[in-house]
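I have placed the structure first, in the form of structure tokens, so that the comments after it can refer back to it.
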Amino acid sequence: MGVFQSKYAHLLDRLVEHGISFACYFLPNATEPTLVVEDAPAILDGYHQLNGKHGFVFAPFNASEANPIVLFPSGRVASGFNVDIDVSADGKGLVSFTSENSTSFTCYSKTFSCFMEQLKAERFAKLVLSRRQVVERNEQSVGSLFLKANSSYPSAFTYLVNAPQCGLWLGATPELLLRGRDEVFQTVALAGTMPVVNGISDYQWNEKNREEQQMVTDYIADQLAKCGINNVDIEGPITVKAGAVVHLKTQFAFSCNEDINLGKLVETLHPTPAVCGLPKEDSLRFIVESESHDRSYYTGFVGVISNNRETDLYVNLRCMKVTQNQLILFAGGGITSKSIGEKEWAETEHKLQTLLSIIP
């Protein structure tokens, strides 16, 4: 790590230490970070309030009083490593001590059986089951960990967020939710997972993975059509690498008129079947009721919005909540009636390696 990067990591650590709310991020393949420091992040009551807003947004899987939609409205913004931010305030750190536990294989298997019962009864076409892995925090510099995540996964959207409304989170996510420039938008269907195998470029996808990816693709196309968006360019699926795994990816490009606003698009798409299930609303309720933990901001979305209609929002995958003494990592996978519990558990193990591999 160079001199400027080391100073930057120290700056981020001081912001955390003094309890200052901020969001720091690298857009995919960006060479320099952007830092947004906000005295009082805003709480949004719903996705419709994204319309006309400008700033950094951090949204949960299922918005609630405990897990609100948080907006950093770009009070102070600094780009690059050589920044001058006053951290002289004698604030109290927001990060608390925790005693969370990892999801055991026994607990995961029990929930998997519950999910399979519903799938085989055809109440759902797909469900996404997640788990947590808790690691003792030995690396005290979260700023250094953030920069290491970016250098390890430069094509991901990498972020570090700190606010009293959500806590301290770090992530390096590969999945685009919505990118927009003026009236032209892009989104993706990213589903199906296999571990990376060195020397192999032509991966052979089984029926379960192909069906899972097609469900997400069909859902996105249907949701766009319900918004009156019919002229959609669809490309894929192709195989893409994301850390220790590969996925199937289909890309969508479309134009919107002024009647289709950002809030409506986000509410239409989020959460996609790639992180939730089908049908969406029933799946979301079932997952919230059935999983042994609160997903909180895992499988929510994170990114930048602008009132001049520039949007870069990503699904919050490959992420962790950071506390004084623990790193709480999350991972999940799509479950269909063809799923096998041991294989699904193994898939989450591979996904967890994305961030586990950078933790000292």
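The values are calculated or read from the model by the stated rules, or taken from the named source; none is laboratory data. Source: prediction; values computed, not measured. FYI the Cβ positions are ideal-geometry reconstructions off the backbone, even for glycines, and counts take in every protein chain you see. Calculation scope for accessible area: heavy atoms of the full protein, side chains included, ligands and nucleic acids excluded. Shrake-Rupley method; radii C 1.70, N 1.55, O 1.52, S 1.80 Å.
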> For the modelled label position 7 Å from the Cα of Glu122 along Cα-to-Cβ, which residues of region 327-360 have backbone nitrogen atoms closer than 18 Å?
Replying inline: 336-339
> For region 128-136, in order, what is each residue's ³J(HN,Hα) by Karplus, 6.51 cos²θ - 1.76 cosθ + 1.60 with θ = phi - 60°, in whole Hz (x at glycine and Pro)?
Replying inline: 10, 9, 10, 8, 10, 10, 9, 10, 5
> Karplus couplings for region 349-356 from phi (6.51 cos²θ - 1.76 cosθ + 1.60, θ = phi - 60°), rounded to Hz, Gly and Pro as x?
Replying inline: 4, 5, 5, 4, 4, 3, 9, 4
> Given 37 °C and 0.692 mPa s, how large is the Stokes-Einstein diffusion coefficient of region 1-93 in µm²/s, with Rh as the Kirkwood radius over Cα pairs?
Replying inline: 226
> Can you pull the semi-axes for the chain, root of five times each eigenvalue of the Cα gyration tensor, sorted largest first, whole Å?
Replying inline: 31, 25, 20
> For Gln186 and Glu17, what is the calculated FRET efficiency with R₀ set at 41 Å and r taken between the beta-carbons, to the nearest 0.05?
Replying inline: 0.60
>> Skipping prolines and chain starts, which residues have an amide H placed within reach, meaning under 5 Å, of the one on Thr98, given they are 5 or more residues away or on another chain?
In response: Gln324, Asn325, Gln326
> If you line up the Cα atoms of region 84-218 on their principal axes, what length do they span on each, largest first, in Å?
Replying inline: 58, 43, 38
> What is the helix-to-structure angle for 280-290, meaning the angle in degrees between its Cα long axis and the longest Cα principal axis of the chain, kept from 0 to 90 and rounded to the nearest 10?
Replying inline: 70
> Relative to the Cα centre, what is the charge dipole magnitude of the chain, using +1 at the beta carbon of each Lys and Arg, -1 at the beta carbon of each Asp and Glu, and rounding to the nearest 20 debye?
Replying inline: 560
> So what's the convex hull volume per residue for the Cα atoms of region 148-207, in Å³?
Replying inline: 183
> What's the Kirkwood radius of region 236-360 in Å, using all Cα pairs?
Replying inline: 16.9
> In whole Hz, what ³J(HN,Hα) sequence does region 58-66 give by Karplus (6.51, -1.76, 1.60; θ = phi - 60°), x for Gly and Pro?
Replying inline: 10, 10, x, 4, 9, 4, 7, 5, 6
> For the chain, what is the accessible area per residue in Å², given a 1.4 Å probe and the full set of protein chains?
Replying inline: 43
>> Using only Cα atoms and rounding to the nearest 10 degrees, what angle (0 to 90) does helix 3-17 make with the longest principal axis of the chain?
In response: 90
>> Let me cross-check Trp205: its accessible surface, 1.4 Å probe, with only protein heavy atoms counted, in Å² to the nearest 10?
In response: 30
> Which FRET efficiency, nearest 0.05, do Ala225 and Ser290 yield, Cβ-Cβ r, R0 22 Å?
Replying inline: 0.15
> Can you give the accessible area of Asp45 in Å² (nearest 10), computed on protein heavy atoms with a 1.4 Å probe?
Replying inline: 130
>> I'd like the carbon and sulfur percentage of the solvent accessible area for region 61-164, probe radius 1.4 Å, heavy atoms only, ligands and nucleic acids excluded.
In response: 46
> Could you give the alpha-carbon Rg of region 45-146 over 2.2 N^0.38 Å, rounded to two decimals?
Replying inline: 1.59
>> Tell me the angle of helix 142-152 to the major Cα principal axis of the chain, expressed in degrees between 0 and 90 and rounded to the nearest ten.
In response: 50
> How do the peptides 152-164, 126-138 rank, highest first, by the average count of neighbouring beta carbon atoms within 10 Å per residue?
Replying inline: 152-164, 126-138
